[in-house]
């Protein structure tokens, strides 16, 4: 009996020792595993807390290159006044050109969308910031890259034209209310489309690129259609004033309003640097002469800046308002 009890005690103690060893091994293993995982978690935490993304240089270059390409295309597209084109019965300048610009943006979204989001537009960056989709610290980074891309396009065009492609900020402080609302409404339509496409997770990147390009096309066509109505109204106002002043022998009182020689909505403050007004239209209408040395004023001004930024913020947040669903109903 004593021998049996002693052997039972030994087996019990051996089991307890084995259990302790197993527990110790598990503890050591788990502590070792946690020690291996700790650096990974700390790295992720540091990445989340970092002020700028890791691929910041890639973002800067992508926005610079994308805005450069978009500006080059826009320079050639905004070459004819919609009023002059509609008067001559030519539709290409206000229907086909916006499509070319939209296709260009589509290709840019496919090319650099995964890197920087392919904003290539200060208004789009501001719209995403207003929607809380872009960090505040990244807004000046995007803007600086985009304006540098537009300035690079101006420099390249200036070299190619032997110094004749220059810009003037003579109209920067001009504040025409119809032009302001044309930029605002066009940018709002554009940003509404971007927000709608970006929120869809069930469509491919190719479809998203197409949607963004079409959003810009529709925004430009809508803005151009409104601009034509404004131009026709201003031209009629000028002809009425010219006929009345001719009777009083004081024709200098009749002047063509600025919207008549604006070639189209821009919806992009960076691209607006390179796009100029065409004051020669006013000279042809008024039968006045020019020595040809005057530099055409750039479209970069308060109308484009305020209109496109406010419009993008309104369009993006309007989509968020319409798509909002309470969490308990999601």
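Below is a table of values for the structure above.
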quantity	calculated
Proxy reagent accessibility, fewest Cβ within 10 Å first, across 217, 134, 71, 166	166, 134, 217, 71
Extension gain, residue 169 back to residue 200 (0.36 nm per residue minus Cα-Cα distance, nm)	7.1 nm
Order of 299, 258, 200 - criterion: other Cβ atoms within 10 Å of each residue's Cβ, fewest first	200, 258, 299
Where labels lie 7 Å past Cα in the beta-carbon direction, separation of residue 76 and residue 225 in nm	2.7 nm
Protection-proxy order for peptides 56-64, 122-130, each taking the mean of Cβ atoms within 10 Å per residue, highest first	122-130, 56-64
Sequence ranges 180-193, 218-231, ranked by mean other-Cβ count within 10 angstrom, highest first	180-193, 218-231
Exposure proxy ranking, count of Cβ atoms within 10 Å, fewest first, for 73, 256, 54, 109	54, 73, 256, 109
Spatial extent of the range 112-178: Rg and Dmax, with the Cα atoms as the point set, Å	15.4, 44
Approximate spin-label separation residue 325-residue 144, in nm, with each point projected 7 Å along Cα-to-Cβ	4.1 nm
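We did not get these values from a lab; they are worked out from the coordinates using the rules stated. Source: prediction; values computed, not measured. Note that we place each Cβ from the backbone using ideal geometry, even for glycine, and neighbour counts take in every protein chain shown.
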